[in-house]
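Derivation of every value follows stated rules applied to the coordinates shown; laboratory data play no part. Being a predicted model, the structure only gives us computed values, none of them experimental. Heads up, the Cβs are rebuilt from the backbone with ideal geometry, glycines too, and the neighbour counts pull from every protein chain shown.
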Amino acid sequence: MPNSEAKIPNRKDFLNMAFWFEGSMVGVAWLIGWFVDVNPFANLSVDGTALFWGILGTFPLFLLFLVFYRFPVGPLDPIKNSLLEILGPVFSLCGWQELMILAIVAGISEEVLFRGLLQPWLEEVAGLFGGLILSNVIFGLLHWITPMYALIAGLIGFYLAYMMDITGSRYLLTPIVIHALYDFLAFLIVAEAYRLQQKDS
């Protein structure tokens, strides 16, 4: 049996670093938005319709995750292995409440930065489609684990951008809910898969 203690990072340090890193994106979005005159919170409001579409929009995305995770063919296999190796050790030590808080922080901060700031700013600079493409290319690149993972992340970014405007009005809450709920469910899967892997080792 491998010595799992040697490769498991400190849970508290990881969570603190993750919360600060993810949370700092809100500050970065506000600061950049101040310089370029774009309010990253302009389309953020509590709205029942936006919440409904956020919950509903999570299901197709999570279903695809389950299919890809269950059948990791070709370039999907390195993604699964990377998730287990990088995130599995520390996620397996976290309670579901900690994973939920981490997912919420990630959903809010990343969506405020990418869909709240970058997309509308780049739409002003490069047009509607240019802003959509550029913001999600950046989104994919900043989620680089493998080339395929970056591509999938970029495509997820397009989906989140589409869901933000699905009602005909721009609701930032919708991609925030999708992002946070999807991350939470995926975190639970990765954590449990790692525990089972260690149990079978």
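Could you derive backbone 3J(HN,Hα) for the range 160-175 from the dihedral phi with the Karplus parameters 6.51, -1.76 and 1.60 (θ = phi - 60°), listing whole Hz in sequence and x where the residue is Gly or Pro?
5, 5, 4, 5, 4, 10, 4, 7, x, 10, 8, 10, 5, 4, 4, x
Could you tell me what a quarter of the Cα convex hull surface of the range 32-99 works out to, in nm² with one decimal place?
Numbers: hull surface 31.6 nm².
Projected area, direction-averaged: 7.9 nm².
Test of understanding: ordering Phe184, Phe62 by Cβ neighbours within 10 Å, fewest first, what list do you get?
So the residues, fewest neighbours to most, are Phe62, Phe184.
With point charges of +1 on the Cβ of Lys and Arg and -1 on the Cβ of Asp and Glu, referenced to the Cα centre of the range 78-201, which listed residue (Ala103, Leu93, Gly116) lies farthest in the positive direction of the dipole?
Leu93
Can you tell me the orientation of helix 76-86 relative to the chain, as the angle in degrees between its alpha-carbon axis and the longest Cα principal axis, to the nearest 10?
The angle comes out near 80 degrees.
What ranking do Ile178, Ile101 get, fewest neighbouring Cβ atoms within 10 angstrom at the top? Working shown, then result.
Numbers: Ile178 27, Ile101 17.
Ordered by Cβ neighbours within 10 Å, fewest first: Ile101, Ile178.
Using label points projected 7 Å from each Cα along Cα→Cβ, tell me how many nm separate Leu196 and Trp34, to one decimal.
So the label points at Leu196 and Trp34 sit 4.8 nm apart.
Calculate, in nm to one decimal, what Asn10 and Trp96 gain on full extension: separation in residues at 0.36 nm each, minus their alpha carbon distance. Before the final figure, lay out the partial values.
Values: separation 86, 0.36 × 86 = 30.96 nm, distance 1.70 nm.
29.3 nm is the gain from fully extending Asn10 to Trp96.
Counting Lys and Arg as +1 and Asp and Glu as -1, what is the net charge of the other residues whose Cβ lies under 11 Å from the Cβ of Gln119? Could you put the intermediate results ahead of the total?
Values: positive: Arg115, Arg170; negative: Glu111, Glu123, Glu124, Asp165.
So the environment of Gln119 carries a net charge of -2.
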